[in-house]
Amino acid sequence: MTKTVDHWIGGKSVEGASGAYGPVTDPATGAVTTRVAFASVEEVDAAVAAAKDAYATWGTSSLAKRTTILFKFRALLDAHRDEIAALVTAEHGKVHSDALGEVARGLEIVELACGITTQLKGELSTEVASRVDVSSIRQSLGVVAGITPFNFPAMVPMWMFPIAIACGNTFVLKPSEKDPSAAMKLAELLAEAGLPDGVFNVVHGDKVAVDRLLEHPDVKAVSFVGSTPIARYIHTTAAANHKRVQALGGAKNHMLVLPDADLDAAADAAVSAAYGSAGERCMAISAVVAVGSVGDELVAKIRERAEKIKIGPGDDPASEMGPLITAVHRDKVASYVKGAADQGCEVVLDGTGYTVEGYEDGHWIGLSLLDRVPVTADAYKDEIFGPVLCVLRVDTYEEGVALINASPFGNGTAIFTRDGGAARRFQLEIEAGMVGVNVPIPVPVGYHSFGGWKDSLFGDHHIYGNDGTHFYTRGKVVTTRWPDPSEAPAGVDLGFPRNH
């Protein structure tokens, strides 16, 4: 029997009332295993109202109370990490080890939120003028919302809500309708940890739910991770409704390989970063830029490794790569490979048409490798979000940097070299928000912030780290003067206040 995923409002599961549902499939079999309720405007309003009611007390609760609950949540998350990873595998398709890694990276931000007290400390300057002190404090915003993608159904929500609620806000999450169960499990664990009803809410749905969150007058800030067109829409719409916005978009991440690089290490990194999680990562390496004479040898090494990758169901310990999220997405990814030769690419590996015995209806695709890709090819210009790696050839370092900087995306990039001078120059000259030096996927640790440049980020704040704390709080400056009891009143002075 197909299970139903409902909403989480006011501290409990609430049955969907709109009558609209969406299917959730097992990507390995293609079978519909779950239906998820789609929220109406009224149901989104109910979640926001629950969050607003909870904010009245949560926003003034002590830091000690907030962090105590987060510490308990962290322990529960650690104890249930296998269960959460299994939910991710069942609905997303990624292999269990990769799903466990996702939970671990989310747990890292929970740990950061447990130590939020140091990030929320204010500042004090005494005697800025005679008996005048100035202090700076940070205060919560109110109800904030998160809209998260299918590729990391556990991790990306945990990039948002732990810091938001640690700062004293209440939260409404709209996770991807393609794999909603992980979000519900997180809600249950938060409740078990003692989080008051209404502080964390989950509504499922489509554009109706998203647009209502963007328009709702009681939602003060919106965080988003997803594709660039939607990120641009989220940013424009939410900002027009006077909300604070951080909208992280798509990517075309490049890896520059210099002639002096360790080509075995570079090939290992390229295969891992391009094909891990079936390429469904915004930080995947999708374009390798080979400098000078290394191209032929590098492509041969990448091909040798790619041909050995074991593809199969995510719950099979032998599988290294699972299926794609939906059949529609699989077909779209395949179209880039099928049209590549006509656009000037050399197709070294063609993964289209791949299937797994016993799972013929799954959303399978093999690994594809395209060489000598022109910058005009669709496979290079678009974010494919699948296991397709493009190799481009350039003659010099300067040409490679110019090629990368010409991309409209600026999420992450990497350089592989033994030359420290070249690496230092690269990290200063490259136009991207995250840079790896002999590190193919430079996702920062939790206490540094994650975010790109150009069409990969809309808004002023990166996500988590110090930027996360600043995004979910507002600064306030208080200037105080306490006259000495022995002084006579100073009298009226209409001049500008004097500090000197």
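Can you find even one residue in the range 130-137 that is modelled with pLDDT of 95 or more, within 24 Å of the chain's Cα centre (by Cα) and among the charged types (D, E, K, R)?
Within the range 130-137, not a single residue is modelled with pLDDT of 95 or more, within 24 Å of the chain's Cα centre (by Cα) and among the charged types (D, E, K, R).
Those residues that are under 16 Å from Gly386 (Cα atoms) and buried (at least 21 other Cβ atoms within 10 Å of the Cβ), I need them from the range 298-313; list them, please.
If the condition is that a residue be under 16 Å from Gly386 (Cα atoms) and buried (at least 21 other Cβ atoms within 10 Å of the Cβ), then Ala306, Ile311, Gly312 are the ones that fit.
So is Gly421 of a type in the set (Gly, Ala, Ser) and either within 18 Å of Met160 (Cα to Cα) or in contact (Cβ under 8 Å) with a residue 60 or more places away in the chain (or both) or not? Walk me through it before giving the result.
Working: of a type in the set (Gly, Ala, Ser): yes; either within 18 Å of Met160 (Cα to Cα) or in contact (Cβ under 8 Å) with a residue 60 or more places away in the chain (or both): no.
In short, no.
Hey, among Asp350, Asp361, which residue is touching a residue at least 24 places away in the same chain (Cβ under 8 Å) and of a type in the set (Asp, Glu)? So that I can check it myself, show each step before the final result.
On the way: Asp350 fails: touching a residue at least 24 places away in the same chain (Cβ under 8 Å).
After applying the criteria, what remains is Asp361.
Just one of Val110, Val24 is modelled with pLDDT of 95 or more, assigned to a strand (DSSP E or B) and either out of contact with any Gly (no Cβ under 6 Å at 6 or more places or on another chain) or farther than 18 Å from Leu189 by Cα (or both); which is it?
Working: Val110 fails: assigned to a strand (DSSP E or B).
When all the criteria are applied, what remains is Val24.
Hey, among Ile441, Ile415, which residue is assigned to a loop (DSSP other than H, G, I, E, B), in contact (Cβ under 8 Å) with a residue 12 or more places away in the chain, open to solvent by less than 60 Å² (accessible area, probe 1.4 Å) and on the phi < 0 side of the Ramachandran plot? Break it down stepwise before answering.
Numbers: Ile415 fails: assigned to a loop (DSSP other than H, G, I, E, B).
Result: Ile441 is the single residue among Ile441, Ile415 that is assigned to a loop (DSSP other than H, G, I, E, B), in contact (Cβ under 8 Å) with a residue 12 or more places away in the chain, open to solvent by less than 60 Å² (accessible area, probe 1.4 Å) and on the phi < 0 side of the Ramachandran plot.
Give me the strands (runs of 3 or more DSSP E) completely within the range 120-170, filtered to those with at least 2 residues that are buried (at least 24 other Cβ atoms within 10 Å of the Cβ), ordered by residue number.
On the way: elements: 123-129, 132-140, 143-147.
Ranges flagged: 143-147.
Sort out which residues of the range 446-500 are basic (Lys, Arg) and closer than 30 Å to Val143 by Cβ, and write them in order of number. Walk me through it before giving the result.
So in the range 446-500, the residues basic (Lys, Arg) come out as 454, 474, 476, 481, 498.
Correct list: Arg474, Lys476.
Given the options His448, His470, name the one that is assigned to a loop (DSSP other than H, G, I, E, B) and open to solvent by 30 Å² or more (accessible area, probe 1.4 Å). Full working, then the answer.
On the way: His470 fails: assigned to a loop (DSSP other than H, G, I, E, B).
Criteria check complete, one pass: His448.
Across the range 319-357, what is the number of residues that are under 27 Å from Pro180 (Cβ atoms) and out of contact with any strand residue (DSSP E or B) (no Cβ under 9 Å at 6 or more places or on another chain)? Steps first, please.
We begin by selecting, within the range 319-357, every residue under 27 Å from Pro180 (Cβ atoms); these are 319-334, 356.
Checking which are out of contact with any strand residue (DSSP E or B) (no Cβ under 9 Å at 6 or more places or on another chain) leaves us with 324, 328-332.
Selection size over the range 319-357: 6.
Based on what the data block shows, is Ala422 touching a Phe, Trp or Tyr at 6+ places or on another chain (Cβ under 8 Å) and not in a loop (DSSP other than H, G, I, E, B)?
Values: touching a Phe, Trp or Tyr at 6+ places or on another chain (Cβ under 8 Å): yes; not in a loop (DSSP other than H, G, I, E, B): yes.
Yes; evaluated as a whole, the condition is true for this residue.
Output the residue which, of all residues in the range 233-251 that are among the hydrophobic types (A, V, I, L, M, F, W, C) and buried (at least 22 other Cβ atoms within 10 Å of the Cβ), is farthest from Ala145 (Cα to Cα). Step through it out loud before you land on a result.
Our first condition is that a residue be among the hydrophobic types (A, V, I, L, M, F, W, C); within the range 233-251, this holds for 234, 238-240, 245, 247-248, 251.
Filter again for buried (at least 22 other Cβ atoms within 10 Å of the Cβ), leaving 234, 238, 245, 247-248, 251.
Details: Ile234: 12, Ala238: 11, Val245: 10, Ala247: 12, Leu248: 14, Ala251: 23 Å.
Within the range 233-251, the match that is farthest from Ala145 (Cα to Cα) is Ala251.
Those residues that are of a type in the set (S, T, N, Q) and not in a loop (DSSP other than H, G, I, E, B), I need them from the range 171-189; list them, please. Give the derivation first.
Pass one, the range 171-189, residues of a type in the set (S, T, N, Q): 176, 181.
Matches in the range 171-189: Ser181 only.
Here are Ile430, Ile384, Ile415, Ile365: which of them is closer than 17 Å to Gly249 by Cα and among the hydrophobic types (A, V, I, L, M, F, W, C)? First the steps, then the outcome.
Values: Ile430 fails: closer than 17 Å to Gly249 by Cα; Ile415 fails: closer than 17 Å to Gly249 by Cα; Ile365 fails: closer than 17 Å to Gly249 by Cα.
Ile384 is the lone residue from the list that is closer than 17 Å to Gly249 by Cα and among the hydrophobic types (A, V, I, L, M, F, W, C).
Only one of Ser176, Ser181 is in contact (Cβ under 8 Å) with a residue 24 or more places away in the chain, over 22 Å from Gly451 (Cα atoms) and polar (S, T, N, Q). Can you tell me which?
Working: Ser176 fails: over 22 Å from Gly451 (Cα atoms).
Selected residue: Ser181, the only one of Ser176, Ser181 that is in contact (Cβ under 8 Å) with a residue 24 or more places away in the chain, over 22 Å from Gly451 (Cα atoms) and polar (S, T, N, Q).
Results for (1) open to solvent by less than 60 Å² (accessible area, probe 1.4 Å); (2) touching a strand residue (DSSP E or B) at 6+ places or on another chain (Cβ under 9 Å), shown as yes or no for each residue.
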| site | (1), (2) |
| --- | --- |
| Val5 | yes, yes |
| Gly11 | yes, yes |
| Ala20 | yes, yes |
| Val44 | yes, yes |
| Thr57 | no, no |
| Leu63 | yes, no |
| Ala90 | yes, yes |
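Go through (1) part of a helix (DSSP H, G or I); (2) under 24 Å from Ala99 (Cα atoms) and name the single condition Ser335 misses.
(2)
To keep it simple, each residue is scored yes or no on (1) at pLDDT below 95; (2) open to solvent by less than 10 Å² (accessible area, probe 1.4 Å).
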{"residue": "Gly400", "(1), (2)": "no, yes"}
{"residue": "Leu403", "(1), (2)": "no, no"}
{"residue": "Ile463", "(1), (2)": "no, yes"}
{"residue": "Lys476", "(1), (2)": "no, no"}
{"residue": "Pro483", "(1), (2)": "yes, no"}
{"residue": "His500", "(1), (2)": "yes, no"}
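The values are calculated or read from the model by the stated rules, or taken from the named source; none is laboratory data. All values derive from a computational prediction rather than experimental measurement. Ideal geometry is used to build each Cβ from the backbone, glycine not excepted, and the neighbour counts take in all protein chains shown. Calculation scope for accessible area: heavy atoms of the full protein, side chains included, ligands and nucleic acids excluded. Shrake-Rupley method; radii C 1.70, N 1.55, O 1.52, S 1.80 Å.
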